[in-house]
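The values are calculated or read from the model by the stated rules, or taken from the named source; none is laboratory data. Predicted, not measured: the structure shown is a model, and the values here were computed from it. Cβ: placed from backbone, ideal geometry, glycine included. Neighbour counts: every protein chain shown. Just so you know, the surface numbers come from the protein's heavy atoms only, side chains and all, with ligands and any DNA or RNA stripped out. Shrake-Rupley method; radii C 1.70, N 1.55, O 1.52, S 1.80 Å.
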Amino acid sequence: MAKKYVYKFSEGNKDMRELLGGKGANLAEMTLAGMPVPQGFTITTEACTQYYTDGKQINADIQAEIAQCMTWLEGENGKKFGDSSDPLLVSVRSGARASMPGMMDTILNLGLNDVAVEGFAAKTGNPRFAYDSYRRFIQMFSDVVMELSKKRFEEIIDEVKAKKGVTQDLDLDADDMKQLSIQFKEFYKKEKGEDFPQDPKVQLMEAVKAVFRSWDNPRANVYRRMNEIPYDWGTAVNVQSMVFGNTGNNSGTGVAFTRNPATGEKALFGEYLINAQGEDVVAGVRTPSPISKLKEEMPEVYTQFAEIANRLEAHYKDMQDMEFTIQDRKLYMLQTRNGKRTAAAALKVAVDLVDEGMISEKEAVLRVEPKQLDALLHPQFDAAALKKAEVIGKGLAASPGAACGRVVFSAEEAKEWHERGEKVILVRLETSPEDIEGMQVAQGILTVRGGMTSHAAVVARGMGTCCVSGCGEIVVNYEKKQFELAGKTYCEGDWISLDGSTGNIYGEAVGTVPADVGSGYFGRLMGWADQYRQLEVYTNADTPKDAAQARKFGAEGIGLCRTEHMFFEGERIKAMREMIVAESESERRKALAKLLPYQQGDFEGIYEAMEGCPVVIRFLDPPLHEFLPTKEADIQEIAGELNITVEKLKNVIASLHEFNPMMGHRGCRLAVSYPEIAEMQTTAVINAAIAVTKKGVYKISPNIMIPLTGEVKELKYVRDIVTSTADKIIKDAGIDMTYEVGTMIEIPRAALTADEIAKEADFFSFGTNDLTQMTFGFSRDDAGKFLNSYYEKKIYESDPFAHLDQTGVGKLVEMAVTLGRKTRPNIHLGICGEHGGDPTSVEFCHGVGLDYVSCSPFRVPIARLAAAQAAIKAPRAK
Ligand code: PEP
Ligand code: MG
């Protein structure tokens, strides 16, 4: 049998969401439940994908099915499409599987033309209403189907009102409405070079095509990429008989929720407008009345609506967002869906539904979007202030939160201004480890270059600081201390605001309100999540402060402590530089000896902050040139500090230059060349563990992680240095202490030879930042520059540095898991790349059987919830 592309509402149900889209499936479900739904049909999501397969054409078979259903709908209503005395009118609306802003929304009153409008006026005895409906249709069709500018239509309305000396649409009479429709059609003809389409069948087919087209518009594509909605899902189209909220004062239209979507409070919440149609409620031209007023205005309609709302919530077992129309005091339901809500409301509704006996704890855990939790952990913009603010640019939403401060262009200035009590936003072309102190004191960080795993993004997420990265439109002039964006110049000291959750940049101060983590709902829901999850959740933290923050958010250990970040402050960087310029091993050892106490102190602080939980300390990873200056003035100054000639320092810098530093002398390769670095770091780790253990509160068992391994022999070489150093210290201390030495799997060769590598590794931690860059062969710092073309051309649907590429990189992870366990069945397996805090990647990690995920402190709650959802959806055998 040929595939069916069109379903009457009476033929579907709520479980057919994939085929009918959310709106279509719910209209079918309400029809099944005997609710007052104007009848209609849904053109499936498969018809949409077929439209694209056929080269953006609706093929003859699908057209025939639509025509057949139209004939059926005419019969149902006892009216004909395009009829000159009593025409059938329909609405056309998009409806994807997941609700998707950015797509074409609604066309109302389709089917009207110059002849039908007269019949409609005669039949209803209400010419004003008929012409109001017609002019609205021309307006909507021109805007959403033909993409003509909305503005001109609004101007025409204003001109007609001005001529008549009135200000409200409601003051326009039938003749004025007719006049509007004539002027709208004239504008249409002028712009399109043809008459406004009069044939309702043409109108319908064009509207359906416009819905399909809107699936591929830039706004929808951006939304899909952010929310990982596959392009091949397609959207459905709903064609529904019109009911009218604009026939007079006994009619109206509105939107309502079964609970308050901002707070979660259990009470009908919404608004409506009398004598109005669809868009009027949201357009803001007239002020709608709260739904409670309907109780006074039309008590019988209110009672019926409240009863339906209750039934729908009980049926879907979730807060509903409903659209309705009242035509001559008769209620019609136009849509119901699970309502979008704030994070705070999501938690309250989920917990309340459990308390009300509607859903189980597991269902409650599945109800909250993990990414949403983020909003509760960072300061947020004051909603009213944000609404008024103007967006001047957009970058990547690299680290969430709301930041408002004065522009500075260097880390030093950030520190100075901060010390004077100023709030600052650090604006840089890109950041480097040298900027760390400035980043620490900034409210937010804005960079011109760099993707989701650029230095700025990773470090900012770790600190929980708001960051917008990679805004290529900004032109920075460091000399003049100014930048240009959207045709304006912003100077040092000017106020700007950043939204790290959307990437939006505002050229003014937008007020913020503090984070709300105090709510008991958060604790209860997360308690359930912890009960059901099977993955452990660790954090990536380099300082006691970050570690303590992560503990508060529920981290059960540190999966990655990047030791290089500890070498940048004050005296340490000097000792580090001494080590780098040293000409002999003994000179190097002298400099390393200066670093040892700092490192040991840091590790002790971290062990204490983690209260005895596991801490994985990774040895030095970046290439050494990152610790050396680049600017002439700095080179001069530092040569002086190090007591060497400028020439010598320049020679060292030149000798460390690499064409591909990311693939250069870094990671365990440093320890192979300079084993004394690994020796010093081992000494610091073990001494710190002994010191803390001796205090008698926690018994520390250190975990040392070797980065960038690609070959088992190099791992063995470094491991031997670690074990011989550690064993000696432990023996000398006369203490009973165990420790583990593991490695990162972040080079494809390590994954491919994981059975070999496992011989020398007690644990693996997947470094999917590097593993992604090395597998794809593009740089994590530069890929942002060209990935947009790949999204536009649908080659990649999402950023592989943000969401793990499960097909390619994931295959390497899976392979390494299997091979590693073959050699060492109890090997501890985790992930510490940025993907460890990304919900779909966490689900993948659960699926392939990792033991833990590790992510930045502020993503710990997100990972806990994502891990619980993965376990509830597909529990794995322990
Ligand atoms: C990684 O490569 O995934 C990783 C965690 O290490 P880094 O980001 O420090 O290279
Ligand atoms: Mg790495």
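A few points about this structure:
- Residues satisfying the stated conditions in segment 254-268, i.e. open to solvent by 10 Å² or more (accessible area, probe 1.4 Å) and at pLDDT 90 or above: Phe257, Thr258, Glu265, Lys266, Ala267, Leu268
- Any hit, segment 647-664, residues being in contact with a Lys or Arg (Cβ under 8 Å, 6 or more places away or on another chain), open to solvent by 20 Å² or more (accessible area, probe 1.4 Å), within 16 Å of ligand 2 (Cβ to nearest atom) and of a type outside the set (Val, Ile, Thr): yes
- Residue within segment 763-784 that is touching a Pro at 6+ places or on another chain (Cβ under 7 Å) and among the hydroxyl-bearing types (Ser, Thr, Tyr) present: yes
- Residue check for Glu760: more than 9 Å from ligand 1 (Cβ to nearest atom), at pLDDT 95 or above and surrounded by 20 or more Cβ atoms within 10 Å (Cβ to Cβ): yes
- Here is the figure for segment 853-878: residues that are over 29 Å from Pro379 (Cβ atoms), touching a residue at least 24 places away in the same chain (Cβ under 8 Å) and not in a helix (DSSP H, G or I) total 4.
- Flag if Val160 is β-branched (Val, Ile, Thr) and under 30 Å from Cys48 (Cβ atoms): no
- Across segment 470-491, the number of residues qualifying as among the aromatic types (Phe, Trp, Tyr) and assigned to a strand (DSSP E or B) comes to 2.
- When residues of segment 724-748 are limited to those that are closer than 12 Å to Pro702 by Cα and β-branched (Val, Ile, Thr), the one farthest from ligand 1 (Cβ to nearest atom): Ile730
- Among the residues of segment 310-336, just one is farther than 18 Å from Asn13 by Cα and free of Cβ contacts under 8 Å to residues at least 60 places away in the same chain, namely Asn310.
- Within segment 626-641, the set of residues being open to solvent by 20 Å² or more (accessible area, probe 1.4 Å), touching a residue at least 24 places away in the same chain (Cβ under 8 Å) and more than 30 Å from Gly830 (Cβ to Cβ) comprises Glu641 only.
- The residue that is modelled with the lowest pLDDT, among those in segment 827-843 that are open to solvent by 10 Å² or more (accessible area, probe 1.4 Å) and either of a type in the set (Gly, Ala, Ser) or touching a strand residue (DSSP E or B) at 6+ places or on another chain (Cβ under 9 Å) (or both), is Glu834.
- Taking the numbered list (1) among the β-branched types (Val, Ile, Thr); (2) touching a Lys or Arg at 6+ places or on another chain (Cβ under 8 Å); (3) under 27 Å from Arg329 (Cβ atoms) in turn, Val37 passes all entries but (2).
- The helices (runs of 4 or more DSSP H) falling completely within segment 731-820 that include 2 or more residues that are within 16 Å of ligand 2 (Cβ to nearest atom) map to 748-752, 768-776.
- Residues that are open to solvent by 10 Å² or more (accessible area, probe 1.4 Å), assigned to a loop (DSSP other than H, G, I, E, B) and either within 20 Å of Arg859 (Cα to Cα) or in contact with a Cys (Cβ under 8 Å, 6 or more places away or on another chain) (or both) within segment 393-411 comprise Gly395, Pro400, listed in sequence order.
- Whichever residue in segment 770-789 is of a type in the set (S, T, N, Q) and modelled with pLDDT of 95 or more and, among such residues, is farthest from ligand 1 (Cβ to nearest atom): Thr775
- Val672 meets the conditions (1) open to solvent by 30 Å² or more (accessible area, probe 1.4 Å); (2) part of a helix (DSSP H, G or I); (3) farther than 23 Å from Ile729 by Cα; (4) touching a residue at least 12 places away in the same chain (Cβ under 8 Å) in every case but one. The failed one is (3).
- Here the condition is being within 19 Å of the chain's Cα centre (by Cα) and basic (Lys, Arg); of Lys415, Lys394, it holds for Lys394 alone.
- Counting only helices (runs of 4 or more DSSP H) that sit wholly inside segment 273-353, not one has at least 3 residues that are under 24 Å from Gln372 (Cβ atoms), open to solvent by less than 30 Å² (accessible area, probe 1.4 Å) and in contact with a Gly (Cβ under 7 Å, 6 or more places away or on another chain).
- Each residue in segment 496-510 was checked for being assigned to a loop (DSSP other than H, G, I, E, B) and either open to solvent by 10 Å² or more (accessible area, probe 1.4 Å) or touching a helix residue (DSSP H, G or I) at 6+ places or on another chain (Cβ under 7 Å) (or both), and 6 of them qualify.
- Among the conditions (1) touching a residue at least 40 places away in the same chain (Cβ under 8 Å); (2) closer than 22 Å to Val722 by Cα; (3) open to solvent by less than 40 Å² (accessible area, probe 1.4 Å), the only one that Leu804 does not satisfy is (2).
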